[in-house]
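Step one of this worksheet: look at the structure below.
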Amino acid sequence: GAVVSQHPSWVICKSGTSVKIECRSLDFQATTMFWYRQFPKQSLMLMATSNEGSKATYEQGVEKDKFLINHASLTLSTLTVTSAHPEDSSFYICSASKGPYYNEQFFGPGTRLTVL
Amino acid sequence: DQQVKQNSPSLSVQEGRISILNCDYTNSMFDYFLWYKKYPAEGPTFLISISSIKDKNEDGRFTVFLNKSAKHLSLHIVPSQPGDSAVYFCAAKVPGTQGGKLIFGQGTELSVKP
(Lines give C-alpha, C1' and ligand atoms only; values in the text may rest on other atoms or scores of the structure.)
Protein backbone atom coordinates (compact mmCIF):
# COMPACT_ATOMS: atom_id res chain seq x y z
CA GLY A 1 0.00 0.00 0.00
CA ALA A 2 0.85 3.65 -0.08
CA VAL A 3 -0.98 5.55 2.62
CA VAL A 4 -0.31 9.17 3.48
CA SER A 5 -1.91 10.88 6.45
CA GLN A 6 -2.21 14.52 7.39
CA HIS A 7 -2.88 16.10 10.74
CA PRO A 8 -4.92 18.01 11.56
CA SER A 9 -7.68 17.58 8.99
CA TRP A 10 -8.93 21.06 9.76
CA VAL A 11 -7.78 23.96 11.88
CA ILE A 12 -9.14 27.39 12.75
CA CYS A 13 -6.74 29.96 14.12
CA LYS A 14 -6.53 33.64 14.86
CA SER A 15 -4.67 36.01 12.62
CA GLY A 16 -1.02 36.32 13.63
CA THR A 17 -0.64 32.84 15.05
CA SER A 18 1.38 29.98 13.57
CA VAL A 19 -0.05 26.66 12.50
CA LYS A 20 1.82 23.39 11.95
CA ILE A 21 0.53 20.69 9.59
CA GLU A 22 2.03 17.21 9.62
CA CYS A 23 2.29 14.83 6.70
CA ARG A 24 3.21 11.20 7.28
CA SER A 25 3.80 8.26 4.98
CA LEU A 26 2.40 5.35 6.96
CA ASP A 27 3.61 2.27 5.11
CA PHE A 28 6.54 3.40 3.01
CA GLN A 29 9.56 5.63 3.19
CA ALA A 30 9.18 8.88 1.32
CA THR A 31 12.41 10.39 0.11
CA THR A 32 10.48 13.29 -1.32
CA MET A 33 7.32 14.98 -0.16
CA PHE A 34 5.41 17.77 -1.84
CA TRP A 35 3.16 20.47 -0.44
CA TYR A 36 0.27 21.83 -2.46
CA ARG A 37 -2.35 24.45 -1.92
CA GLN A 38 -5.80 24.41 -3.47
CA PHE A 39 -8.27 27.25 -3.63
CA PRO A 40 -11.95 26.46 -4.21
CA LYS A 41 -12.70 25.29 -7.72
CA GLN A 42 -9.05 25.60 -8.70
CA SER A 43 -6.14 23.33 -9.43
CA LEU A 44 -3.51 22.05 -7.04
CA MET A 45 -0.67 24.53 -6.92
CA LEU A 46 2.70 23.15 -5.91
CA MET A 47 4.22 25.19 -3.10
CA ALA A 48 7.43 23.32 -2.39
CA THR A 49 9.34 20.08 -2.73
CA SER A 50 10.73 18.61 0.44
CA ASN A 51 13.61 16.14 0.50
CA GLU A 52 14.56 14.27 3.64
CA GLY A 53 17.51 15.85 5.38
CA SER A 54 17.82 18.87 3.11
CA LYS A 55 16.24 22.26 2.61
CA ALA A 56 12.97 22.46 0.77
CA THR A 57 12.79 23.83 -2.74
CA TYR A 58 10.09 26.47 -3.04
CA GLU A 59 8.15 27.35 -6.17
CA GLN A 60 8.32 30.84 -7.53
CA GLY A 61 6.15 33.23 -5.58
CA VAL A 62 5.98 31.11 -2.41
CA GLU A 63 7.45 32.86 0.64
CA LYS A 64 9.80 30.42 2.31
CA ASP A 65 9.90 32.45 5.52
CA LYS A 66 6.14 32.25 5.78
CA PHE A 67 5.71 28.60 4.84
CA LEU A 68 8.38 26.71 6.77
CA ILE A 69 8.91 23.14 5.67
CA ASN A 70 10.82 20.51 7.58
CA HIS A 71 11.43 16.95 6.39
CA ALA A 72 13.20 15.46 9.37
CA SER A 73 12.65 11.80 8.60
CA LEU A 74 11.69 9.52 5.72
CA THR A 75 8.12 9.36 6.98
CA LEU A 76 7.40 12.88 8.22
CA SER A 77 7.29 16.34 6.72
CA THR A 78 5.80 19.39 8.38
CA LEU A 79 4.49 22.66 6.99
CA THR A 80 4.29 25.60 9.38
CA VAL A 81 2.31 28.62 8.31
CA THR A 82 3.86 31.45 10.30
CA SER A 83 1.97 34.57 11.31
CA ALA A 84 -1.09 33.37 9.48
CA HIS A 85 -3.48 35.86 7.89
CA PRO A 86 -6.95 35.38 6.41
CA GLU A 87 -5.52 35.21 2.89
CA ASP A 88 -3.63 32.07 3.96
CA SER A 89 -6.93 30.29 4.44
CA SER A 90 -6.92 27.40 2.02
CA PHE A 91 -6.83 23.64 1.59
CA TYR A 92 -3.30 22.34 2.02
CA ILE A 93 -2.42 18.90 0.66
CA CYS A 94 0.78 16.94 0.91
CA SER A 95 1.96 14.09 -1.24
CA ALA A 96 4.80 11.61 -1.00
CA SER A 97 6.97 9.82 -3.49
CA LYS A 98 8.65 6.48 -2.87
CA GLY A 99 11.75 7.61 -4.67
CA PRO A 100 13.25 9.08 -7.82
CA TYR A 101 12.36 6.02 -9.90
CA TYR A 102 8.68 6.10 -9.02
CA ASN A 103 6.30 8.17 -11.09
CA GLU A 104 3.27 8.27 -8.84
CA GLN A 105 2.71 10.57 -5.92
CA PHE A 106 0.45 9.49 -3.10
CA PHE A 107 -1.64 12.20 -1.54
CA GLY A 108 -2.76 12.88 1.97
CA PRO A 109 -6.40 13.77 2.74
CA GLY A 110 -5.64 17.48 3.06
CA THR A 111 -5.91 20.08 5.82
CA ARG A 112 -8.46 22.88 5.75
CA LEU A 113 -6.96 26.02 7.31
CA THR A 114 -9.22 28.91 8.25
CA VAL A 115 -7.61 32.06 9.61
CA LEU A 116 -9.96 34.45 11.36
CA ASP B 1 1.75 30.00 -18.15
CA GLN B 2 -0.55 27.01 -17.82
CA GLN B 3 1.45 24.05 -19.11
CA VAL B 4 -1.32 21.53 -18.49
CA LYS B 5 -4.84 22.50 -19.44
CA GLN B 6 -8.22 20.95 -18.95
CA ASN B 7 -10.51 23.19 -20.92
CA SER B 8 -13.78 21.67 -19.78
CA PRO B 9 -14.54 22.63 -16.18
CA SER B 10 -17.48 20.25 -16.05
CA LEU B 11 -18.99 17.25 -17.81
CA SER B 12 -22.33 15.56 -17.32
CA VAL B 13 -22.90 11.99 -18.50
CA GLN B 14 -25.69 9.46 -18.19
CA GLU B 15 -24.99 6.31 -16.20
CA GLY B 16 -23.76 3.49 -18.42
CA ARG B 17 -22.47 5.81 -21.14
CA ILE B 18 -18.88 6.76 -21.87
CA SER B 19 -17.19 9.68 -20.11
CA ILE B 20 -14.34 11.33 -22.00
CA LEU B 21 -12.16 13.80 -20.15
CA ASN B 22 -9.58 15.75 -22.09
CA CYS B 23 -6.24 17.29 -21.26
CA ASP B 24 -3.75 19.28 -23.32
CA TYR B 25 -0.17 20.13 -22.54
CA THR B 26 2.41 22.44 -24.01
CA ASN B 27 5.76 21.01 -22.94
CA SER B 28 6.95 18.20 -25.19
CA MET B 29 9.53 17.22 -22.56
CA PHE B 30 6.89 15.77 -20.23
CA ASP B 31 7.53 12.03 -20.07
CA TYR B 32 4.77 10.68 -17.87
CA PHE B 33 1.13 11.56 -17.36
CA LEU B 34 -1.26 10.71 -14.57
CA TRP B 35 -4.95 11.02 -13.85
CA TYR B 36 -6.21 11.64 -10.34
CA LYS B 37 -9.72 11.60 -8.95
CA LYS B 38 -10.67 13.98 -6.17
CA TYR B 39 -13.67 14.35 -3.92
CA PRO B 40 -14.33 17.64 -2.07
CA ALA B 41 -12.24 18.12 1.06
CA GLU B 42 -10.15 15.04 0.29
CA GLY B 43 -6.77 14.43 -1.27
CA PRO B 44 -6.52 13.19 -4.85
CA THR B 45 -6.38 9.45 -5.43
CA PHE B 46 -4.35 7.98 -8.25
CA LEU B 47 -6.36 6.46 -11.09
CA ILE B 48 -4.23 5.59 -14.07
CA SER B 49 -1.07 6.74 -15.79
CA ILE B 50 0.73 6.51 -19.10
CA SER B 51 4.32 6.82 -20.18
CA SER B 52 5.18 9.03 -23.13
CA ILE B 53 6.46 5.97 -25.00
CA LYS B 54 2.96 4.51 -25.11
CA ASP B 55 -0.25 5.69 -26.70
CA LYS B 56 -2.74 3.73 -24.64
CA ASN B 57 -3.07 2.25 -21.19
CA GLU B 58 -6.10 0.39 -19.91
CA ASP B 59 -7.16 -0.58 -16.41
CA GLY B 60 -10.64 -1.97 -16.04
CA ARG B 61 -13.18 0.69 -16.94
CA PHE B 62 -10.49 3.34 -17.33
CA THR B 63 -8.42 3.91 -20.45
CA VAL B 64 -5.99 6.72 -21.07
CA PHE B 65 -4.98 7.69 -24.60
CA LEU B 66 -1.95 9.79 -25.43
CA ASN B 67 -1.45 11.65 -28.69
CA LYS B 68 2.03 13.10 -28.50
CA SER B 69 1.92 14.91 -31.81
CA ALA B 70 -1.16 16.79 -30.66
CA LYS B 71 0.09 17.05 -27.07
CA HIS B 72 -3.23 15.71 -25.95
CA LEU B 73 -4.39 12.98 -23.63
CA SER B 74 -7.81 11.75 -22.71
CA LEU B 75 -9.36 9.57 -20.04
CA HIS B 76 -12.21 7.29 -21.05
CA ILE B 77 -14.50 5.77 -18.45
CA VAL B 78 -16.76 3.01 -19.71
CA PRO B 79 -19.36 2.40 -18.46
CA SER B 80 -19.75 5.46 -16.29
CA GLN B 81 -21.20 4.96 -12.82
CA PRO B 82 -22.67 7.46 -10.34
CA GLY B 83 -19.74 6.76 -8.01
CA ASP B 84 -17.43 8.16 -10.67
CA SER B 85 -18.81 11.64 -9.98
CA ALA B 86 -15.82 13.66 -8.79
CA VAL B 87 -13.24 16.14 -10.02
CA TYR B 88 -10.63 14.62 -12.31
CA PHE B 89 -7.18 16.13 -12.63
CA CYS B 90 -4.62 15.28 -15.23
CA ALA B 91 -1.00 15.81 -14.29
CA ALA B 92 2.29 15.77 -16.14
CA LYS B 93 5.57 14.73 -14.61
CA VAL B 94 8.44 17.14 -15.10
CA PRO B 95 11.46 15.10 -16.17
CA GLY B 96 14.68 15.36 -14.25
CA THR B 97 13.03 16.39 -10.97
CA GLN B 98 13.83 14.37 -7.90
CA GLY B 99 10.78 12.47 -6.72
CA GLY B 100 8.81 13.53 -9.77
CA LYS B 101 7.41 17.04 -9.69
CA LEU B 102 3.90 17.14 -11.14
CA ILE B 103 2.06 19.93 -12.87
CA PHE B 104 -1.71 19.70 -12.64
CA GLY B 105 -4.47 20.82 -14.92
CA GLN B 106 -7.41 22.82 -13.62
CA GLY B 107 -9.63 19.79 -13.20
CA THR B 108 -12.90 18.66 -14.77
CA GLU B 109 -15.90 18.00 -12.58
CA LEU B 110 -17.66 14.86 -13.80
CA SER B 111 -21.26 14.27 -12.90
CA VAL B 112 -22.74 10.86 -13.73
CA LYS B 113 -26.51 10.88 -13.54
CA PRO B 114 -28.52 7.73 -12.83
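The values are calculated or read from the model by the stated rules, or taken from the named source; none is laboratory data. None of the values given here were measured: they were computed from a predicted structure. Note that we place each Cβ from the backbone using ideal geometry, even for glycine, and neighbour counts take in every protein chain shown. Just so you know, the surface numbers come from the protein's heavy atoms only, side chains and all, with ligands and any DNA or RNA stripped out. Shrake-Rupley method; radii C 1.70, N 1.55, O 1.52, S 1.80 Å.
A few comments on the model shown:
- Residue match in segment B:62-78 (condition: outside any strand (DSSP E or B), out of contact with any helix residue (DSSP H, G or I) (no Cβ under 8 Å at 6 or more places or on another chain) and under 23 Å from A:Val3 (Cβ atoms)): no
- From the list B:Asn22, B:Asn27, B:Asn67, the one residue that fits, being more than 14 Å from every other protein chain (Cβ to nearest Cβ), under 24 Å from A:Gln38 (Cα atoms) and within 15 Å of the chain's Cα centre (by Cα), is B:Asn22.
- Scope segment B:79-112; condition charged (D, E, K, R), over 16 Å from B:Leu21 (Cβ atoms) and in a strand (DSSP E or B); matching residues: B:Lys93
- Looking across segment A:60-103, just one residue is free of Cβ contacts under 8 Å to residues at least 12 places away in the same chain and in contact with a Lys or Arg (Cβ under 8 Å, 6 or more places away or on another chain), and that is A:Asn103.
- Within segment B:32-46, at least one residue is within 14 Å of the chain's Cα centre (by Cα), surrounded by fewer than 18 Cβ atoms within 10 Å (Cβ to Cβ) and farther than 23 Å from B:Pro114 by Cα.
- Residues in segment A:28-82 that are open to solvent by less than 60 Å² (accessible area, probe 1.4 Å) and either touching a Cys at 6+ places or on another chain (Cβ under 8 Å) or on the phi > 0 side of the Ramachandran plot (or both): A:Met33, A:Phe34, A:Trp35, A:Tyr36, A:Leu76, A:Ser77, A:Thr78, A:Leu79.
- Matching entry among B:Ile53, B:Ile77 (being over 16 Å from A:Leu46 (Cβ atoms), among the β-branched types (Val, Ile, Thr) and free of Cβ contacts under 8 Å to residues at least 40 places away in the same chain): B:Ile53
- Scanning segment B:47-58 for residues that are out of contact with any strand residue (DSSP E or B) (no Cβ under 6 Å at 6 or more places or on another chain) and either surrounded by fewer than 16 Cβ atoms within 10 Å (Cβ to Cβ) or part of a strand (DSSP E or B) (or both) yields B:Ile53, B:Lys54, B:Glu58.
- Here B:Gln81 clears all of (1) open to solvent by 70 Å² or more (accessible area, probe 1.4 Å); (2) away from every other protein chain (no Cβ under 11 Å); (3) closer than 18 Å to B:Ser8 by Cα except the condition numbered (3).
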